[in-house]
Amino acid sequence: MWVMETDPRFTPHRALAPYYQKHEDKQAFLRTIFDESAAHYERIVGWGFFGTGNWYRRGALKRAGLQAGMQVVDVASGTGTTARVAADLTGGPEYVTCVDPSLGMLQESERRLRARHVQGTADSIPLPDATFDFLSMGFALRHVENLKSAFAEFQRVLKPGGRLLIMEITKPKGRFAARLMRLYFRDIMPRFAHLLTGSRKAAYLMEYYWETMDQMVDPECVLEALASAGLEEPRRHAIGSVFSEYTAAKR
């Protein structure tokens with residue numbers, strides 16, 4: 001495992017009070033909030049993105065080079081939204097390994113996909129070196145401890161020539177677009193999640209989601225961290241200035 005860097009440039013965002021006070025408390029907070037919201041997560045992401053999530057993930061995975069027969073590890077897999085699409089593209093769940101720190105999320109994923117499920121974090125993936133042809137991460141980069149240490153782990157578990165895709169939501173630089181994004185994710189999504197699920201915990205998770213989006217480092221920092229971890233050809237493909245697809249390869 002890569003020893004975690006302390007360089008603040010590679011921390012996805014600052015500590016977010018009142019959710020947690022110190023950076024060291026972040027992972028414990030995340031495990032708790034995802035465990036408590038796991039039963040509602042599929043409904044939130046399904047309706048919250050107007051049913052387009054699977055369509056988008058399929059296109060992004062294809063653009064990044066995922067093909068039939070590839071061995072895939074989906075990091076921070078959650079309830080398996082990205083892993084299920086990867087299984088369809090590769091030829092079956094036997095080609096997919098899901099990694100997530102939340103037992104609640106893993107249990108929800110196992111109900112929907114008969115793939116291998118492993119508890120672990122992006123910064124410490126409990127899998128052997130050079131095992132996978134492809135690595136995916138869907139909308140969870142904000143939750144890692146450190147970008148560079150996570151990317152070093154990504155490189156470690158990839159085979160030589162293996163590729164990765166990180167999908168993330170990025171706050172646009174334009175003032176009007178940024179206001180629309182804030183309106184939707186800060187003001188509408190938490191209320192919608194509460195109305196849809198009846199769960200205050202689910203609404204609380206969406207409130208936290210907005211804070212991480214708002215405070216997330218710029219894409220240039222992500223690309224720098226990919227290169228610093230030794231990954232080649234780091235690129236960002238942006239769709240609508242909000243959806244970022246980061247790709248890179250292991251030499």
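Distances between placed amide hydrogens fall under 5 Å for His117 paired with Cys98, all partners being 5 or more residues away or on another chain.
Is there a quick way to get the dipole size of the chain? I mean about its Cα centre, with the Cβ of Lys and Arg at +1 and of Asp and Glu at -1; what is the value in debye to the nearest 20? Don't jump to the answer; show the numbers that get you there.
Numbers: 33 positive and 29 negative charges, 146 e Å.
That gives a dipole near 700 debye.
When Val45, Val217 are sorted by how many other C-beta atoms sit within 10 angstrom of their C-beta, beginning with the fewest, the order is Val45, Val217. Looking at region 1-157, the DSSP beta bridges with both ends there are about 10 percent antiparallel.
Determine, for Ile239, Ile166, Ile44, the number of other Cβ atoms within 10 Å of each Cβ, and report the residues in order from fewest to most.
Result, fewest neighbours first: Ile239, Ile44, Ile166.
Net charge around Thr121, counting only other residues with Cβ within less than 10 Å of its Cβ (Lys, Arg = +1; Asp, Glu = -1)? Computed value for this residue: -3.
Estimated from helices alone, the mean residue ellipticity of the chain at 222 nm is -13500 deg cm²/dmol (sum of -39500 (n - 2.57) over DSSP H runs with n ≥ 4, per residue). A straight line joining the Cα centroids of region 118-189 and region 7-57 runs 11 Å. Near Ala140: Cβ cut-off under 9 Å, other residues only, Lys/Arg at +1 and Asp/Glu at -1. The net charge is -1. Computed over the chain with a Gaussian network model linking Cα atoms closer than 10 Å, the most mobile of Glu233, Glu145, Glu168 is Glu233. Look at the Cα gyration tensor of region 5-140: its axes a ≥ b ≥ c give a/c of at least 1.5 with a/b over b/c, and that counts as prolate.
Across the chain, the relative contact order, built from alpha-carbon pairs under 8 Å that are at least six residues apart, equals 22 percent.
Taking a ≥ b ≥ c as the square roots of the eigenvalues of the alpha carbon gyration tensor, region 92-251 is oblate, as a/c is not under 1.5 and a/b does not beat b/c. Classify region 97-141 as rounded, prolate or oblate from the Cα gyration tensor: take a ≥ b ≥ c as the square roots of its eigenvalues, call it rounded if a/c is under 1.5, otherwise prolate when a/b beats b/c and oblate if not. Cα axes put region 97-141 in the prolate bin. Relative to the current alpha-carbon distance between Val242 and Ala178, full extension at 0.36 nm per residue lengthens the span by 22.1 nm. Each of Lys62, Lys22, Lys171, Lys148 was scored by other Cβ atoms within 10 Å of its Cβ. Arranged with the fewest first, they read Lys22, Lys62, Lys171, Lys148. Among residues other than Lys159 with Cβ under 12 Å from its Cβ, the summed charge is +2 (Lys and Arg +1, Asp and Glu -1).
Since every read-out is calculated from the coordinates, none of them should be taken as a lab result. Treat the numbers as computed from the prediction; the structure is a model and nothing was measured. Every residue, glycine among them, receives a Cβ derived from its backbone with ideal geometry; neighbour counts consider all protein chains shown.
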